[in-house]
Amino acid sequence: MKIKKLLISFILIISLLIIPLTSCGNKTEDTADVHVFYYTYSDPYISTVRSALDKTLDSAGIRYQDHDSNNNQTTQTEQIQTAITKGAKLLVVNIVTTGSDDAAKGIISLAKDAGIPVIFFNREVSDEIVKSYDKCAFIGTDAAEAGKLQGDMIGDYAVKNFNSLDLNGDGEISYVLFMGEKGNNEAIYRTKYSVENANKKLEEASKKPLKFYDASNTDKYLLDRDGKWSAQAANEYMTTILSSHSTANKNMVEMVICNNDGMAEGAISALNAAGYNTGKEGSTAIPVFGVDATSAAKELIKDKKMTGTIKQDGEAMAKAIEKSVENALNAKSLFDGMSDYTVDEGVAKLRIPYAVYLGE
């Protein structure tokens, strides 16, 4: 009987220890205070943010639930409605639709009615959206900064290596640019400044500007037809290009510019299949540039299959979001105690800086 009592006491103690551990972290919708909505889990950069944010929220003992909207705004809006119904205290939203304010307005309306704060992140919403609700903020990057840094990186590389890049000796560097999602601010600014800033560097060095490989394409970029930033789209485009463009034909694309590292991976896969960028001695390497500095991209740069990328710091993004989440749950201003960060004048938008990454 004494042993039985001791056993019961031991089980009771263990259960008391376990309960606090399981009451926080990534729980079900019915117990979560914070609901985090990702536009898609499949985006390589977003996956780094999610992994880092999960860790910081777990460490802080915050009860949260992640949601995959699978690149569908209707799905995301429905997920938000359900979360509010189940008692969400805070919405953290990586919005799907960025081309207009309609989706964001709908989310703000739902949050206002429930009286709960909204933190948008990564995929930017307009100033008007943020200003429309005193419990709303945005945490992200300066969309133009990535494009400008990438353009400067490309320009410096092109000036330094111009003769070796000019494979057919025509005095110009031909390029292809994979845009990603149409109407997305990050895609728009990266497309604009990656070429514009590179050409400024070339002009200063008395070199001809970059030339889009297909003269009939007046857009001077290739768009993911599915509205994504996918490796598959870039791989398919690059494979088609390589079927008619090669060093043997003296019309090879001499530079590949990608608006994210996922598309860079896809392009490199196609180049590898055609015998380029293998990392082996004697292999012709076409410079490939991306944005995000994902783990996969860093490995490709290390293996000399990719040239450079712009670091979008997922861990720094997660840290800023977690701090803002704590503020919201404690009924503080969303950016309280975050003076180390840069915040836009006149609107609650906090910026995480980018950085050039050429390898370690």
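What percent antiparallel are the DSSP beta bridges of the chain, to the nearest 5?
DSSP beta bridges in the chain are roughly 15 percent antiparallel.
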Worksheet entry | Rel. contact order, % - alpha carbon contacts under 8 angstrom, at least six apart, the chain | 17 percent
Worksheet item: Taking square-rooted eigenvalues a ≥ b ≥ c of the alpha carbon gyration tensor, is the chain rounded, prolate or oblate, where a/c under 1.5 means rounded and, failing that, a/b exceeding b/c means prolate?
Response: prolate
Worksheet item: If packing is taken as the mean number of other Cβ atoms within 10 Å per residue, what is the order of 342-349, 299-306, highest first?
Response: 299-306, 342-349
Discussion item. Rounded, prolate or oblate, given the Cα gyration tensor of segment 144-312, with a/c below 1.5 counting as rounded?
Written reply: rounded
Discussion item. With a cut-off of 8 Å between alpha carbons and a minimum separation of six or more residues, what is the relative contact order of segment 144-312 in percent?
Written reply: 24 percent
Worksheet item: Percent relative contact order of segment 234-360, based on C-alpha pairs within less than 8 angstrom and at least six residues apart?
Response: 20 percent
Item to complete: Before rounding to the nearest 500, sum -39500 (n - 2.57) across all DSSP H runs of length at least 4 in the chain and divide by the residue total; then give [θ] at 222 nm in deg cm²/dmol.
Response: -14000 deg cm²/dmol
Fill in: Cα-based helix-to-principal-axis angle, 143-160 vs the chain, degrees rounded to 10
30 degrees
Worksheet item: Given +1 on the Cβ of Lys and Arg, -1 on the Cβ of Asp and Glu, and no further charges, what dipole in debye does segment 296-360 carry about its Cα centre, rounded to the nearest 20?
Response: 280 debye
Fill in: Burial order of peptide ranges 46-53, 137-144 (average beta-carbon count within 10 Å, highest first)
137-144, 46-53
Item to complete: Work out the length of the dipole vector of segment 144-312 about its Cα centre, built from +1 on the beta-carbon of each Lys and Arg and -1 on the beta-carbon of each Asp and Glu, and round it to the nearest 20 debye.
Response: 180 debye
Practice prompt. Enter the angle in degrees (range 0 to 90, nearest 10) between the Cα long axis of helix 2-22 and the first principal axis of the Cα atoms of the chain, meaning the one along which they spread out most.
Written response: 50 degrees
Discussion item. Quick check for me: using +1 on Lys/Arg Cβ and -1 on Asp/Glu Cβ, what's the dipole size of the chain about its Cα centre, in debye to the nearest 20?
Written reply: 940 debye
Practice prompt. Beta carbons within 10 angstrom, averaged per residue: use that to sort the peptides 205-217, 283-295, highest first.
Written response: 283-295, 205-217
Discussion item. Taking the 0 to 90 degree range and rounding to the nearest ten, how far is the long axis of helix 261-273 tilted relative to the main principal axis of the chain, both from C-alpha atoms?
Written reply: 50 degrees
Discussion item. Name the residue from Tyr237, Gly308, Tyr221 whose Cα lies farthest towards the positive end of the charge dipole of segment 144-312, charges +1 on Cβ of Lys and Arg and -1 on Cβ of Asp and Glu.
Written reply: Gly308
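Bear in mind that the values in this text are calculations on the coordinates, not laboratory data. Here the structure is a predicted model, which means the values were calculated and not measured. Here the Cβ is made from the backbone with ideal geometry for all residues, glycine too, and neighbour counts use every protein chain on show.
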